[in-house]
Amino acid sequence: MVTVEKIEKSDADWKKLLTKKQYEITTKKGTESPGTCPLDTSHEPGIFQCVRCRTDLFRSSSKFESGTGWPSYYEPISPLNVVEQPDMSLGIQRTEVLCARCDSHLGHVFDDGPPPTGKRYCMNGLALKFVSKDQL
Ligand SMILES: [Zn+2]
């Protein structure tokens, strides 16, 4: 296990490093339109990383078809790589998922996922970077 070093950058710095959409989602807790992310339907073997800091977040083997239009996973690569916190922003209680290293907003986790965990990590594809097995 490697100690995760926090990355802290200002809003302005992230704005320079990311596309407008990526910035809105990861920094302003935005949500991409469902079905717009090519990663949603991809099942190529590999790893999904944080688009901001390249922390490994999800394995393609934990990805499943949720039918929501967002890439969905039943577990993160390591619980240490993500932070889960209560989110009451829409007046309903949800659990927000953030990158543990750079605090990037990734999406939400719900309790209606498939076995073995029963969890559904509903992610914004724009917050992720896919690295295929051949590139690892
Ligand atoms: Zn990150």
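Only the coordinates and a few stated rules stand behind these numbers; no lab work does. Here the structure is a predicted model, which means the values were calculated and not measured. Every residue, glycine among them, receives a Cβ derived from its backbone with ideal geometry; neighbour counts consider all protein chains shown.
Key figures for this structure:
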{"quantity": "Residues in the range 85-120 that a label on residue 16 would reach, taking backbone N under 20 Å of a point 7 Å out along Cα→Cβ", "calculated": "102-104"}
{"quantity": "Under Karplus coefficients 6.51, -1.76 and 1.60, residue-wise ³J(HN,Hα) of the range 96-101 in Hz, glycine/proline x", "calculated": "7, 10, 10, 5, 5, 8"}
{"quantity": "Normalised per residue, the volume of the convex hull around the Cα set of the chain (Å³)", "calculated": "116 Å³"}
{"quantity": "Karplus (6.51, -1.76, 1.60) ³J(HN,Hα), θ = phi - 60°, over the range 116-123, in Hz, Gly and Pro reported as x", "calculated": "x, 9, x, 9, 10, 7, 9, 10"}
{"quantity": "Too-long pairs where the Cα-Cα distance tops 21 Å, listed order kept, from 9/129; 20/129; 15/129; 6/133", "calculated": "6/133"}
{"quantity": "Longest segment of the chain lacking trypsin sites (Lys or Arg not before Pro) that sit in a DSSP loop with at most 15 other Cβ atoms within 10 Å", "calculated": "55-136"}
{"quantity": "C-alpha center-to-center spacing [the range 31-62, the range 82-136] in angstrom", "calculated": "10 Å"}
{"quantity": "Relative contact order of the chain, pairs being alpha-carbon contacts under 8 Å that are 6 or more residues apart, as %", "calculated": "28 percent"}
{"quantity": "Where a label projected 7 Å from the Cα of residue 134 along Cα→Cβ would reach, residues of the range 20-50 with amide N under 16 Å", "calculated": "43-47"}
{"quantity": "Within the chain, percent of DSSP bridges classed antiparallel, to nearest 5", "calculated": "100 percent"}
{"quantity": "Förster radius 35 Å - calculated FRET efficiency between residue 44 and residue 8 (Cβ-Cβ, nearest 0.05)", "calculated": "0.60"}
{"quantity": "Anisotropy class of the range 31-75 from Cα gyration tensor, a/c 1.5 cut", "calculated": "oblate"}
{"quantity": "Sparse-neighbourhood loop sites, GluC sites (Glu not before Pro) in the range 29-136 - DSSP loop, at most 12 other Cβ within 10 angstrom", "calculated": "65"}
